[in-house]
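Contents: one structure, followed by commentary.
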Amino acid sequence: MEFHDYFPIWDKLTAPERELLMSTATLRSAPKGKLLHNGSADCVGLFLICSGQLRAFILSDEGKEVTLYRLFEHDMCLFSASCIMNSIQFDITIEVEKDAEFWVVPAEVYKNLMESSVFVANYTNQLMATRFSEVMWRIEQIMWKSFDKRLASFLLEESSLEGSNTLKITHDKIAAHMGTAREVVTRMLRYFQSEGLVSLTRGSVEVTDARRLRRLAS
């Protein structure tokens, strides 16, 4: 689990830049459910994911969550070091969805690298553009797509991530991912069950007709 195996443009760095990263990066682990970053004032550093799964979400004043994107092995999380990017004016929370191990690069170290290396600056800008595209896609889904289609897409996405048709997930958690109320999720899942698309048991949802869910989602 060497640092250079996870830093995407390691071969573009100079020897001093590599030494700086190797001497300052720390390897950490965190269990499922732990909050790693909580808003723009919490500048903990840049994350490089070695294993596990993280979730980036926003939280409304009323406590409603909306998942923006997930982070997996070899992904880099920039928003955990958002204090080095003056243009970011909104708060994102990073939570561990599956027990994770990750490297942490101090925010100031990465900021210095961005200023000294055109390769790091260009890669950072490309990654930021990708993340914002994901966020905009999510917003478009929320604004313009009906909830039944969004829920069908979510269930198919979760099934793909878990590699199983049986999802160990509560209605509350689905609601948190999708930025809606639990009652809305429960009502739609019961409708899906009546149509033979899913089967519901306590604490889990089983996808029973993925083909029809895909047709609905599209």
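The values are calculated or read from the model by the stated rules, or taken from the named source; none is laboratory data. Quantities reported herein were computed from a predicted structural model and do not represent experimental measurements. Cβ atoms come from the backbone with ideal geometry, glycine included; neighbour counts cover every protein chain shown.
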Quiz item: Among the residues of segment 148-177, how many are outside any loop (DSSP other than H, G, I, E, B) and out of contact with any strand residue (DSSP E or B) (no Cβ under 7 Å at 6 or more places or on another chain)?
Solution: 17
Quiz item: Quick check: is even one residue across segment 135-153 out of contact with any Phe, Trp or Tyr (no Cβ under 8 Å at 6 or more places or on another chain), modelled with pLDDT of 90 or more and acidic (Asp, Glu)?
Solution: no
Practice problem: Report, by residue number, each residue of segment 191-218 that is surrounded by fewer than 13 Cβ atoms within 10 Å (Cβ to Cβ) and assigned to a helix (DSSP H, G or I). | Solution: Ser194, Arg211, Arg214, Arg215
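Quick grid of which residues meet (1) of a type in the set (A, V, I, L, M, F, W, C); (2) crowded, with 18+ Cβ neighbours inside 10 Å:
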site	(1), (2)
Pro8	no, no
Thr24	no, no
His37	no, yes
Leu46	yes, yes
Quiz item: Name the strands (runs of 3 or more DSSP E) wholly within segment 10-129 that hold at least 3 residues that are more than 24 Å from Glu140 (Cα to Cα) and not assigned by TED's automatic domain parsing to the domain that holds Arg150?
Solution: 26-30, 35-38, 46-59, 93-105
Quiz item: List the pairs whose first member sits in segment 133-156 and is over 21 Å from Arg187 (Cβ atoms), whose second member is at pLDDT 80 or above, and whose Cβ atoms are under 6 Å apart, counting only residues at least 6 apart or on separate chains?
Solution: Glu134/Tyr69; Val135/Leu68; Arg138/Leu68
Exercise. For residues that are buried (at least 17 other Cβ atoms within 10 Å of the Cβ), among the polar types (S, T, N, Q) and over 11 Å from the mean Cα position of the chain (by Cα), tally how many sit in segment 56-77.
Key: 0
Practice problem: Quick one: which residue in Leu48, Leu68, Leu54 is at pLDDT 90 or above and in contact with a Lys or Arg (Cβ under 8 Å, 6 or more places away or on another chain)? | Solution: Leu54
Exercise. Kindly indicate whether Ser23 is of a type in the set (S, T, N, Q), in contact with a strand residue (DSSP E or B) (Cβ under 7 Å, 6 or more places away or on another chain) and without any contact (Cβ under 8 Å) to a residue 60 or more places away in the chain.
Key: no
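Condition check ((1) within 21 Å of Cys77 (Cα to Cα); (2) buried (at least 17 other Cβ atoms within 10 Å of the Cβ)) across all residues:
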residue: Leu127; (1), (2): yes, no
residue: Met136; (1), (2): yes, no
residue: Trp144; (1), (2): no, no
residue: Asp148; (1), (2): no, no
residue: Leu151; (1), (2): no, yes
residue: Leu161; (1), (2): yes, no
residue: Leu167; (1), (2): no, yes
